[in-house]
Amino acid sequence: MVKCMPSDSIGDFKKVLGLQIGTDWIKIILKKGYMIFKDHLTLDDYEIHDGTYLELYYAWTRGGRLTWNI
């Protein structure tokens, strides 16, 4: 469980999540269905509330390029 407010940005949410799971937040990709959540929008913008399930993916770099590991 990640403690947050509806006004928190996706980026802030990822930073807290990254600390909890021991991963650099910039490598975390959050999705729901086909929608990838943008870091500058808020949880409320995406209607993410208590009990919402999200898909978590990791990105990794190869030759300086950010690549998805899905």
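FYI, it's all coordinate maths here, none of it is from the lab. Keep in mind it's a predicted model, so treat the numbers as computed, not measured. Neighbour counts run over all protein chains shown; Cβ positions are idealised from the backbone, glycine included.
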Residues other than I21 with Cβ under 15 Å of its Cβ, Lys/Arg counted +1 and Asp/Glu -1, net out at +2
So, with points 7 Å from each Cα along the Cβ direction, the E47-Y34 label distance in nm works out to 1.8
For the range 1-60, using Cα atoms only, the Rg and Dmax in Å read 10.5, 29
